[in-house]
Each structure stands twice: as structure tokens, then as C-alpha cells.
Amino acid sequence: MPTNKIYRVLALSAAKHEYVATAFTNHPRFEVVGVADDTSAESWIHQRNEALARDLSVPYERDVGKAIQRLAPDVAVVSSEAARHASLSIRAAEAGLHVVQDKPMAPTVDDCDAIVHAVEGANVHFLLWNRNTHPSIIDARNMVRAGEIGTPQSVHIDFFFSKDAGILIDSEEEEEIPASWLGEGELTVEGIYPLAYIRYILRLDVERVFARTSAHFFKRHAARGVEDIGTVTLELENGAIGSLCIGRIGRPSHPNLGEIRIHITGTNGAMVVAEPKPEIAVHARGLKATDFRNRRTDETTDRKQVDHFVSALDEGLDTLLTAREGRHIAAIVAAAKTSAQSGLATEVSRKTHDH
């Protein structure tokens with residue numbers, strides 16, 4: 001039954017993104033009570049954590065266990081480096097906390113299995129942060145589920161971020177890669193978003209993939225041997241097929257955040273979903289080169305995600321992206337990376353192992 005409980009939130013690291021934790025500020029049903037991290041975290045991470053704590057006017061504790069004991073939180077928001085996602089999420093779940101976690105879920109499928117085991121064993125909720133609350137995504141889901149295009153047969157997603165990542169690959173400039181850049185490929189970092197669209201809109205799992213990846217744009221990706229662009233062919237349940245083009249293509253390539261578009265074909269029709277819409281294009285004197293010309297008119301998507309999360313807590317419902325769904329997405333990405341290395345189609349691991 002719905003309650004008026006105020007849920008206490010503890011931010012476990014801000015190494016990746018502070019916006020996941022700040023989405024819970026100024027919400028009537030949540031109170032951010034602190035920031036915490038392991039003592040062993042690197043100095044730049046402690047600096048980020050301290051800055052977030054100052055911004056939120058909450059204490060910072062360099063000991064996760066002590067922070068949980070002293071601050072008595074109900075929810076942990078985990079936004080560390082991906083390598084520590086499993087450790088922090090598992091400790092939070094075992095302490096009885098609901099978990100909201102930044103992406104990607106974890107570096108390996110086994111790590112994701114361990115998170116699923118901890119969350120389900122503790123009977124707590126888990127939300128993997130996503131973009132499914134954008135108005136166009138919600139509308140597409142509702143239309144597909146209402147049968148407006150019949151049974152879905154195929155899906156294609158373009159998911160290109162027009163954000164820079166250091167020096168371009170054909171530049172003669174030298175680059176010192178900052179410690180805060182963790183050397184993760186774009187399929188790993190951003191693949192959750194389009195793959196979560198497929199699960200949310202179509203309710204279909206992916207069974208097999210074939211992928212090609214490359215470091216085409218940025219020096220740091222090439223230096224670390226990780227992709228900044230890739231293509232993935234998807235074989236889905238019920239004989240449906242899909243494809244995904246994904247990458248970080250540089251700031252000059254697009255007036256908005258990037259080309260993010262979904263094409264779905266069904267037995268009775270088709271739809272094209274422009275994820276950033278609705279938007280307004282602004283062309284004016286004084287705009288900086290880094291200013292996006294096209295601006296969204298709905299900037300409440302993070303708040304909607306928090307609203308949905310509190311409903312899940314109150315009523316015992318699934319979150320927008322559960323631990324098992326996040327684990328499946330991680331397995332798709334892992335299979336795609338294996339396929340890109342081997343040149344062969346690769347089965348997606350479906351089993352969630354016991355630990």
C-alpha cells in the first residue's frame with residue numbers, strides 16, 4: 001500500500017556521475033543524508049565526493065560501513081567506477097538498502113549475477129539508471145503495446161552521442177588522458193540505453209548477436225584498445241530481428257546531443273521514434289561553440305524516474321530497469337564484444353548463476 005514514508009538516500013561515490021544522486025534532491029519522498037566511499041578510493045574520487053557533499057550540504061564519510069550504520073539510509077545510490085559497482089551494490093543490498101545504480105551495471109556478467117543474487121536474496125529493489133522516461137520512449141511503448149503496428153518484427157536504433165572525448169585520432173597533438181576517464185568502450189558505457197529501449201518498448205530479450213567495433217574518432221579509445229563506434233545485429237525472441245549503430249561521434253557532428261532514433265516495423269505498420277523530441281532549435285548571437293542549438297522541452301526525465309522508483313518501493317512493483325534486466329543487457333554487450341573480437345555470431349548468456 002502507498003505510504004508517506006520519507007526514504008533516506010546515501011550516495012555511494014560520485015566518481016562517474018553526480019546527477020544520479022542529485023535527482024533525489026528536492027523530492028518530497030526522499031532525503032539525501034550523506035555521501036560515502038571506501039577509504040581506498042583514489043584521491044580524485046574523494047575530491048569529487050567531497051564536492052558533492054558540499055553541494056548537498058551533507059556529511060562525507062570515508063567508510064561505507066560506518067556511513068550506513070551512522071546515517072541509517074534506506075536507499076544507496078551507486079555511481080562509482082564500473083569496476084566497483086558490484087562491490088558497492090552488493091554491500092548495500094546485504095545491508096538491507098534498496099539500490100539505484102549508475103551504468104554500466106558491472107564489468108562482467110558474473111559480477112551482474114552476483115548483484116542479482118544479493119538483491120533478490122535481500123528482497124530489496126534495484127534500479128539501473130536509464131533513459132526510458134523520455135516522453136517519446138513512453139509514447140512508443142504505449143503505442144506498441146496497444147497494437148497500433150501489430151506484432152513487432154524488427155527494430156533498428158541509431159544511438160550516436162555528439163560529445164567529444166579528447167583529441168581526434170588523426171591529430172598530431174599529444175594527449176594526457178585524465179584519471180577520471182576510465183577507458184571503457186562506448187558499447188559498454190552507452191549500450192544500456194538503446195538495449196533498454198528494446199526491452200522496455202518491445203518486451204523482447206536478445207538471443208544472439210553479431211558485432212563490429214572500431215576506434216574511429218578518438219585517440220584515447222585507440223590507445224586503450226576500446227571502441228568509440230560499433231554496429232550490432234540482434235536476433236530477438238519470437239523471430240524478431242534488430243540492429244544497433246552506436247558511438248561517440250564528436251561535438252561538431254550534430255546540433256543536438258546526437259542522432260538518437262528508433263525504427264520499429266510490425267505486422268500492421270511501422271514507427272520512427274526521435275528520442276530527443278520535442279525540442280526547440282535556438283540560433284542566436286552570443287552562443288558558444290559548445291552550446292547545443294537544439295534543446296529539449298521536457299527536462300523532467302530524471303524526476304520521472306525517481307517518481308517511478310518511489311512507486312515501486314511503496315507498492316512492491318518492478319523498477320523501470322531491474323537487476324535481472326540489467327544483467328541481460330550486460331550479457332548482450334559481453335556477447336557483442338566477443339563477436340567483434342572473433343568475427344562470429346555469439347549467443348547471449350541467459351543463465352543467472354547461483355553464488
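List of remarks:
- Scan the range 84-110 for residues that are part of a helix (DSSP H, G or I) and touching a residue at least 40 places away in the same chain (Cβ under 8 Å) and the total you get is 5.
- So Trp129, is it more than 24 Å from Thr301 (Cβ to Cβ) and of a type in the set (Phe, Trp, Tyr): no
- The range 306-320 - residue that is β-branched (Val, Ile, Thr) and in a helix (DSSP H, G or I) and, of those, surrounded by the most Cβ atoms within 10 Å (Cβ to Cβ): Val306
- Of the strands (runs of 3 or more DSSP E) that lie entirely inside the range 1-80, those containing 2 or more residues that are surrounded by fewer than 23 Cβ atoms within 10 Å (Cβ to Cβ), within 25 Å of the chain's Cα centre (by Cα) and in contact (Cβ under 8 Å) with a residue 40 or more places away in the chain span 7-12, 30-36.
- So Ile167, is it farther than 14 Å from Arg261 by Cα, out of contact with any strand residue (DSSP E or B) (no Cβ under 9 Å at 6 or more places or on another chain) and modelled with pLDDT under 95: no
- Listing of strands (runs of 3 or more DSSP E) fully contained in the range 223-294 that carry 3 or more residues being outside the structural domain of Val209 (by TED's automatic domain parsing) and modelled with pLDDT of 90 or more: none
- Of all the numbered requirements in (1) under 29 Å from Thr151 (Cβ atoms); (2) touching a residue at least 60 places away in the same chain (Cβ under 8 Å), Thr231 misses one, and that requirement is (2).
- Checking each residue in the range 277-286 for being surrounded by 10 or more Cβ atoms within 10 Å (Cβ to Cβ) and either of a type in the set (Gly, Ala, Ser) or touching a residue at least 40 places away in the same chain (Cβ under 8 Å) (or both) picks out Lys277, Pro278, Ala281.
The values are calculated or read from the model by the stated rules, or taken from the named source; none is laboratory data. Everything numeric here is computed off the predicted structure, so don't read it as measured data. Note that each Cβ is placed from the backbone with ideal geometry, even for glycine, and that neighbours are counted across all protein chains shown.
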